[in-house]
1. Provide the packing ranking of 349-356, 305-312, 435-442, i.e. peptides ordered by the mean count of other C-beta atoms within 10 Å per residue, highest first.
2. Hey, any idea what % of the range 403-449's accessible area is carbon plus sulfur with a 1.4 Å probe?
3. For Phe166, what is the net charge nearby, where nearby means another residue's Cβ is under 9 Å from its Cβ and Lys, Arg count +1, Asp, Glu -1?
4. Tell me, what does the Kirkwood hydrodynamic radius of the range 87-174 come to in angstroms if you use every pair of distinct C-alpha atoms?
5. Would you please give the residues with an amide H less than 5 Å from that of Asn149, counting only those at least 5 places away or on a separate chain, with H modeled from the backbone geometry?
6. Hey, with R₀ at 51 Å, roughly what FRET efficiency would Gln85 and Glu465 work out to, going by the Cβ-Cβ distance, to 0.05?
7. Per 0.36 nm of contour for each residue apart, how much would the distance between Asn376 and Ser286 grow if the chain were fully extended, relative to their Cα-Cα spacing?
8. Through the Karplus equation 6.51 cos²θ - 1.76 cosθ + 1.60, θ set to phi - 60°, convert the phi angles of the range 63-73 into ³J(HN,Hα) values in whole Hz; use x for Gly and Pro.
Amino acid sequence: MSSAIHARLRVNFFFVVALILLSSVSVADPLFDEPSYVFEIDVPVLCETADFNDDGNMDFLVTSCAPYALNTFLGEGDGTFSFFQQIIPFNIGTISVCKLNSDPYPDLVVGNGENEPTIQTYLGDGSGGFQLQEVITHYHYSVNTGDLNGDGYSDLLLPYNITSHFWIDVYLCDGNGSFIPDSSYEVENIGFSHLIFVPGDLNGDGFADVAFIPLTSYRIGILLGNGDGTLQEVYYTVSSYYYCEDFATIEEGDFNEDGFLDLVATAGNGYAKDLVSVNDGSGGFSTSDSLGNQMQFVVAEDFDLDGHIDLAGSHVSIRIFQGLGDGTFGGSIYYKEKSDGQLGVADFDNDGDMDLVRLNYGYPLYKDSVYVYLNNTIQLGIEDTPSAAMGAFPTLTNSENPVSGYADIILNLPVSSHCLVSIFDIHGRDVETILDRNLGVGEHVLSWDSGELPQGCYTVMLSTELGRVCTRFVKVD
């Protein structure tokens with residue numbers, strides 16, 4: 001999911017989520033409306049999502065080149081936004097949303113793509129604006145962030161080359177918005193925009209790792225983390241039978257549901273194919289699916305709420321590839337929208353399913369604009385049946401949100417049924433089973449200890465003989 005963090009969400013724990021009947025659809029098609037929100041911006045380039053003002057509603061940020069600016073769209077929680085623009089003195093080449101200090105507001109690391117490359121850190125002020133904190137002079141402006149030493153703050157990975165030698169520098173965050181140079185690792189010819197920080201664990205040792213795709217290569221490069229901010233020596237694993245000169249983006253998710261993070265790489269040109277590579281649990285990868293040349297940018301989420309991670313990609317049009325849970329993907333759903341711009345994903349209207357934001361630029365017949373598409377998957381699954389009318393849904397209650405300790409999960413059943421209550425992480429992995437047995441009619445309260453879960457966004461899913469429902473929460477330490 002690249003390096004963007006998912007900021008804290010405030011979920012109304014008594015929020016009633018819709019019942020999705022498995023008997024009516026085995027795999028629901030995610031349906032996105034016509035754009036519900038359109039905003040014209042000259043030359044929109046990069047997009048990130050987070051709750052920038054900590055109000056419980058998801059926002060998104062777009063960088064632009066005319067003028068150079070950070071354009072923040074502050075969500076109202078119903079799919080509408082207020083707009084905040086911050087002019088900056090340079091063209092942002094890359095951007096990463098991250099956590100650099102102890103306050104609850106998301107921060108930024110950006111790469112200055114003009115003249116002499118610099119890396120700049122900005123601290124979020126809670127209003128949607130950002131304050132410049134530090135300027136780092138470096139060989140290249142590409143930035144990637146993630147927590148390499150487990151201290152809760154985002155560290156910095158900077159790829160660069162000198163006289164045909166290619167390196168990745170690691171800078172560790174000090175917790176006050178600044179970085180300390182730590183170590184360097186020589187690698188093969190790396191595309192500066194094709195490094196991914198994998199916040200999960202590629203080899204089962206519990207430490208965060210790094211993966212990247214070298215240019216003009218058949219392979220994926222892996223640097224396994226030691227958990228203390230250092231990385232092991234790079235190794236390469238075969239990922240592709242198809243030659244590619246330049247992968248455009250790389251994204252992660254547990255596509256075959258074996259508990260290990262897999263990778264999808266988009267080709268970004270007319271010669272190569274978009275490839276899905278599954279992880280064998282030791283950090284080795286093999287190709288599980290080829291999706292043709294249909295995506296330049298890609299995001300991974302469970303858009304149709306069937307429990308499997310899907311892919312949304314943009315390249316001339318928008319396509320949704322529905323995950324089958326085995327590392328492969330079904331036929332794509334095609335949206336006739338001109339788009340070669342980046343995509344962002346978040347639940348902008350607080351209805352429980354994931355929405356899309358896309359950037360459009362470079363097409364003469366279409367204005368440079370930002371579009372928001374609200375996902376109607378949950379509405380599609382609602383049936384006018386006695387069970388739905390009686391309110392067969394789970395609610396999650398606690399004294400506050402985010403959750404840091406015990407939470408009560410309250411199930412209301414209109415009929416007796418076998419119930420499976422599971423917790424899924426943001427990558428779609430089943431991380432804990434809370435309940436797996438028969439329950440009778442009425443209300444049931446499950447006291448659940450969230451203490452073993454790391455910080456992040458999670459989904460509670462109830463599966464019954466009537467259907468499946470889910471809601472989301474955020475865990476903090």
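The values are calculated or read from the model by the stated rules, or taken from the named source; none is laboratory data. On a predicted model such as this, the values are computed, not experimentally measured, just so you know. Glycine gets a Cβ as well: all are built from the backbone with ideal geometry, and neighbour counts include every protein chain shown. Surface accessibility is based on the protein's heavy atoms, side chains included, excluding ligands, DNA and RNA. Shrake-Rupley method; radii C 1.70, N 1.55, O 1.52, S 1.80 Å.
1. Numbers: 349-356: 22.6, 305-312: 24.6, 435-442: 11.5.
The peptides rank, most packed first, as 305-312, 349-356, 435-442.
2. Values: 990 of 2120 Å².
Percent of accessible area from carbon and sulfur atoms in the range 403-449: 47.
3. -2
4. Kirkwood radius, the range 87-174: 13.5 Å.
5. Gly229
6. Details: r = 51 Å, r/R0 = 1.01.
Rounded to the nearest 0.05, the efficiency is 0.50.
7. 29.0 nm
8. Running phi through 6.51 cos²θ - 1.76 cosθ + 1.60 with θ = phi - 60° gives 8, 9, 10, 9, x, 5, 7, 9, 10, 9, 10 Hz.
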